[in-house]
Amino acid sequence: MTQSSGTSPSENVDSQLDNLINRIHALSGDKAGNEPAGAEKPRPSGNAPGPGQPTASSAASNPAPGTTPANTPQPNAATAGRPPAGAPPQRPANPAAPGTAPPNRAQGQNAPSQNRPAPARPRPAQPAGYQPNRDEPWRPAEPESMQAGHINETLVESIIFRFILNTGEVEGRRIADQVQLPFRLIEPILERLKMDQSVAYKSATATNDYVYVLTESGRAIARNHLHDSTYHGSCPVRLPDYIESVKLQTIEGQYPKREDLQRAFSDLLINPKMLHRLGPAVASGRGMFLFGFPGNGKTSIAERVTGAFGKYIWIPRAVDIDGDILRVFDPMNHEAVMPESSGGLLSSGSFDKRWVRIKRPTIVAGGELTMEMLEVLNNTTSNISEAPLQMKSNCGTLVIDDFGRQKMSVDQLLNRWIIPLEKRYDFLNMASGKKIQVPFDQLVIFSTNLEPKDLVDDAFLRRIPYKIEVENPPEADFRKLFEIMCKVTKIPYNAEAVDYLVKTHYLPVDRPFRNCQPRDLLLQVRNYCLYNNLEVELKKEYFDFACDNYFSVM
């Protein structure tokens, strides 16, 4: 056999084989940029071919006269272990074999098809033994680590320093209870502070714990933290985690049905026509106007609307906003209903104790409402901020009672809420100058004795889609109310006395019936009897006395 001048047989065969493999890869869609990292690249077979010169691939398929055919390579050290030239290339069985880097999926070698749907957003981890339901759609899982719980370890340290400084000496488990974190997450922090000589052991406890005190350097650090804030309560939750919790517990996605409203108003006599109009407004989860004459139960209706939704939600005790502490849980407006716990030292629960389970809130603000109550309130002494009313009522109901009689003008309130009612989010200004965006996710009910069109303009009325008039009750309902309220006031019902009241003090003078009047008149009758040492009962003369007092200026 003859050989090409200047090229050894082994180099010629290797070059042809490498080019053939590259060509097959190109035809099968494996581009050079998609090859595994670290794969062997084809070796150059000399200078680039000039015009009119055959390429290496054409030379491999049409060998020059006198060269060795590609399908009959001569065995040598360079070609040992390679597949025959005429056989298809074999991919390695183990891409991660020694000397071969694993394929780079990010570069597209095994990338999913462009038409494949994006993976669904994973739902947050649920505590063991808990199943989401309508009454409790979400429950925060206990953090397994500082990273998993998105916990700022520096912030936790500052709370611990302030707490020990405030108490003087405290056990490690009590520190964990104070910051509402598992002891297994707090113990490494206490050990590190001990190594740094910021805290010291005063004594040991029977539960394999220690009593901690601050050293001199630790007290200096704690006093420095007090300049920033005096807060030493529960570890705050991040603002993004709070926003996500509102989305998971929103009232907009519940859509209560007729039976849900009937259950919510079971203790209230409500006309079926009224319930028919009220149902879609409640199911919308948006805003509504309740207007009508005083005494017909607008406030009572508004306070019971929340009962048509699920029972419980979880809110954080406090929120961390880049170092600023914003308190959300308010015992004056929130009713805590924590899940049952087995108790004991080893009871860790199955939820994140930085959160509180409460009844869906119903917050009522009347004539005392001011503009300051709708903004973040900051205590300049403690440097701790308090969430506004609309943030505390998220996932619940906010009732503006006696709308139009607040200390601030109606225009001020409307201008403050005209965007949140439309966009369902609000902007708050922190004391440090930060502006944050928070959900505006509640059913806002404006209750007023005045005509809505006389209070607000069309732009605001458009953002309150439902305007429901609470009308005077018909005579049949009015009589039924006396039966109900007699049971409440423990007065024996007397239909004859009630009939006398209606025919004597209402129909002849065209006096309108109001839902509040049976209760008010019965209380006057009861007080009259008790004062005069008489048997508590319904008589005509007792009603005459009550009406003379009650309607004297009406």
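The values are calculated or read from the model by the stated rules, or taken from the named source; none is laboratory data. Just so you know, these numbers come straight off a predicted model, no measurement behind them. When we count neighbours, we look across all protein chains shown, and the Cβ atoms used for this are built from the backbone with ideal geometry, even at glycine. Areas reflect the complete protein model, heavy atoms only, side chains present, ligands, DNA and RNA absent. Shrake-Rupley method; radii C 1.70, N 1.55, O 1.52, S 1.80 Å.
I'd like the distance between the alpha-carbon centres of segment 125-196 and segment 245-310, rounded to an integer number of Å.
38
According to the Cα gyration tensor, what semi-axes, each the square root of 5 times an eigenvalue, does the equivalent ellipsoid of segment 177-241 have, listed from largest to smallest in whole Å?
On the way: eigenvalues 96, 67, 20 Å².
Whole-Å semi-axes of the equivalent ellipsoid: 22, 18, 10.
Ignoring solvent entirely, what values of log10 I(q)/I(0) come out of the Debye formula for segment 409-540 at 0.15 Å⁻¹ when each Cα is a single scatterer?
Each listed q maps to, in turn, -0.81.
Return the ratio Rg/(2.2 N^0.38 Å) for segment 169-318, where Rg is computed over Cα atoms only. Show your work: numbers first, answer last.
Numbers: Rg = 25.5 Å, N = 150, 2.2 N^0.38 = 14.8 Å.
Output field value: 1.73.
I need two numbers for segment 259-387: Rg to one decimal and Dmax as a whole number, Cα atoms only, in Å.
Computed over the Cα atoms of segment 259-387, radius of gyration and Dmax are 18.8, 58 Å.
Measuring from the lowest to the highest alpha carbon on each principal axis, how far does segment 435-491 reach, largest first, in angstroms?
Reported extents, whole Å, longest axis first: 57, 28, 15.
Taking the Cα-to-Cβ direction at residue 131 and at residue 516 and moving 7 Å from each Cα, how far apart do the two end points lie in nm?
Between residue 131 and residue 516, the simple spin-label model gives 4.6 nm.
If you average 1/r over all unlike Cα pairs in segment 355-485 and invert the result, what Kirkwood radius do you get in angstrom?
Details: mean 1/r = 0.0592 Å⁻¹.
Its Kirkwood hydrodynamic radius stands at 16.9 Å.
So, for segment 198-340, what is the accessible surface per residue at a probe of 1.4 Å, expressed in square angstrom? The partial results should precede the final answer.
Working: 6600 Å² over 143 residues.
On a per-residue basis, segment 198-340 sits at 46 Å².
What does segment 354-428 give for Rg and for Dmax, in Å, if only its C-alpha atoms count?
Answer for segment 354-428, Rg first and Dmax second: 13.4, 38 Å.
Quick check for me: using +1 on Lys/Arg Cβ and -1 on Asp/Glu Cβ, what's the dipole size of segment 336-476 about its Cα centre, in debye to the nearest 20? Could the numbers behind the result be given before it?
Values: 17 positive and 19 negative charges, 159 e Å.
Charge dipole, segment 336-476, about its Cα centre: 760 debye, nearest 20.
Applying a 10 Å radius around every beta-carbon, put 530-543, 276-289 in order of their mean neighbour count, most first. Don't jump to the answer; show the numbers that get you there.
On the way: 530-543: 13.6, 276-289: 19.4.
The peptides rank, most packed first, as 276-289, 530-543.
Heavy-atom accessible area of residue 462 with all protein chains present, probe 1.4 Å, nearest 10 Å²?
The accessible area comes out at roughly 140 Å².
Please give the peptides 169-182, 247-260 ranked by average Cβ packing (other Cβ atoms within 10 Å per residue), highest first, as a rough proxy for protection.
169-182, 247-260
What are the residues whose amide H is under 5 Å from the amide H of residue 325, where those residues sit 5 or more places off or on another chain and H is modelled from the backbone?
385
Quick check: at a probe of 1.4 Å, how many percent of the accessible area of segment 251-347 sits on carbon and sulfur atoms?
On the way: 2440 of 4670 Å².
Solvent-exposed carbon and sulfur of segment 251-347 make up 52 percent of the total.
Quick one: with all protein chains in place, what share of the accessible area of segment 396-451 is carbon or sulfur, to the nearest percent (1.4 Å probe)?
On the way: 1000 of 2300 Å².
Carbon and sulfur atoms account for 43 percent of the accessible area of segment 396-451.
If you project the alpha carbons of segment 265-320 onto their three principal axes, what span does each projection cover, largest first, in Å?
45, 22, 21
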